[in-house]
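The structure under discussion appears below in the form of structure tokens.
The values are calculated or read from the model by the stated rules, or taken from the named source; none is laboratory data. Owing to the predicted nature of the structure, the values given are computational and were not obtained by experimental measurement. So basically every Cβ, Gly included, is an ideal-geometry build from the backbone, and we count neighbours across all protein chains shown. Note: accessible area is taken over every heavy atom of the protein model, side chains too, but ligands, DNA and RNA are not part of it. Shrake-Rupley method; radii C 1.70, N 1.55, O 1.52, S 1.80 Å.
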Amino acid sequence: MEHIIHSHVMGHLEQNSILVDKQHGFRAKHSTETQLILTLNDLTKSIERGDVTHMAISDFAKAFDKVPHQRLLKKLEHYGIRGDIHKWVTNFLTRRTQRVVCEGTPSELKNVTSGSTRHSHWTIVVQ
């Protein structure tokens, strides 16, 4: 199911030219490796010309873990992801809970409103 959703969303974004050419990662022929190659190429050319180069590097690993689900759903709708796909993603992201079990004692279930969605109900066991 994840592949179907990904294919539909990426097809929509590509077909409607929503993503810019500089957007890399999770795209065919636009991987994080191609981004690195382009960046190194630009940096090398700059050094060869004797230009001053300023860089700001951000690490967005785990960035999805910080995205509020409701904001993501609004963004999808804003960019034209509507209908059955939007309903499916909405159902997938809403009403999710988690708890921690420590020495056999479970905590209260808490709503999950952002972050990873690998499991709809999951438990962290602390030993």
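What single numbered condition from (1) without any contact (Cβ under 8 Å) to a residue 12 or more places away in the chain; (2) hydrophobic (A, V, I, L, M, F, W, C); (3) open to solvent by 100 Å² or more (accessible area, probe 1.4 Å) fails to hold for L19?
(3)
Hey, does segment 86-94 have a residue that's in a helix (DSSP H, G or I), touching a residue at least 40 places away in the same chain (Cβ under 8 Å) and surrounded by 10 or more Cβ atoms within 10 Å (Cβ to Cβ)?
yes
Which residues, counting only those in segment 6-31, are at pLDDT below 85 and within 15 Å of H86 (Cα to Cα)?
Answer for segment 6-31, where residues must be at pLDDT below 85 and within 15 Å of H86 (Cα to Cα): just H6.
Looking for whichever is modelled with pLDDT of 85 or more, out of contact with any helix residue (DSSP H, G or I) (no Cβ under 8 Å at 6 or more places or on another chain) and open to solvent by 60 Å² or more (accessible area, probe 1.4 Å) here; the options are E77, E108. Which one fits? Give the steps one after another, and end with the answer.
On the way: E77 fails: out of contact with any helix residue (DSSP H, G or I) (no Cβ under 8 Å at 6 or more places or on another chain).
Of E77, E108, the one residue that is modelled with pLDDT of 85 or more, out of contact with any helix residue (DSSP H, G or I) (no Cβ under 8 Å at 6 or more places or on another chain) and open to solvent by 60 Å² or more (accessible area, probe 1.4 Å) is E108.
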